[in-house]
Amino acid sequence: MLKRYGCAIAVALLAAGAGAGCGADDEEALSKAEYIKQGDAICKAASAELRKQLTEMFPGDEEPSGEELTNVIEDVFKPNIEGQLNDLRDLIPPKDDEETVNAIYEKVETGLAKLEDDPAVLLSTDDPLEPANKAAEAYGFKVCSE
């Protein structure tokens, strides 16, 4: 789980302070390059925090039990992704890209809903966040699309 989802924290998803100095307080939309740069910084910090938390909870390559998986999804993974998503939405996207980035974030929300319905899907080959990752990659994100 750690190897597969340490970086996948998709688009979104959470990094306290990673978006400092940018976002809703700015009056102008960011350029696409700056939006991607700041977004990837958010995702990188969040992925590092998630990896740290998962490593502490599950040292080595051990997989969580069913109950542990549900707790990890609810208490660690989902809040991390939601935080990333909130931080990314605080950035002001390029004016012509608002619909595109909102569609990416909606795909993240859809993936999170699938995880909430069935936490075990996280361990399956049917990654519920894959559509968001692919859309983020197509947009130009590097870290937020892993």
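Structure notes:
- One residue from LEU123, LEU91 being out of contact with any His (no Cβ under 8 Å at 6 or more places or on another chain) and at pLDDT 95 or above: LEU91
- Residue count for the stretch 131-146 satisfying the condition of being in a helix (DSSP H, G or I) and within 11 Å of the chain's Cα centre (by Cα): 3.
Conditions tested, residue by residue: (1) at pLDDT 90 or above; (2) under 20 Å from ALA29 (Cβ atoms); (3) not aromatic (Phe, Trp, Tyr).
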residue	(1), (2), (3)
GLU49	yes, no, yes
MET57	no, no, yes
PRO64	no, no, yes
GLU68	no, no, yes
GLY140	yes, yes, yes
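- Selection of the stretch 123-142 for residues being hydrophobic (A, V, I, L, M, F, W, C) and surrounded by fewer than 21 Cβ atoms within 10 Å (Cβ to Cβ) yields LEU123, ALA138.
- Residues (part of a helix (DSSP H, G or I), of a type in the set (A, V, I, L, M) and more than 22 Å from PHE77 (Cα to Cα)) located in the stretch 92-114: none
The values are calculated or read from the model by the stated rules, or taken from the named source; none is laboratory data. The model shown is predicted, which means the values in this text are computed figures rather than measured ones. Because the Cβ atoms are built from the backbone with ideal geometry, glycine has one as well, and the counts that use them run over all protein chains shown.
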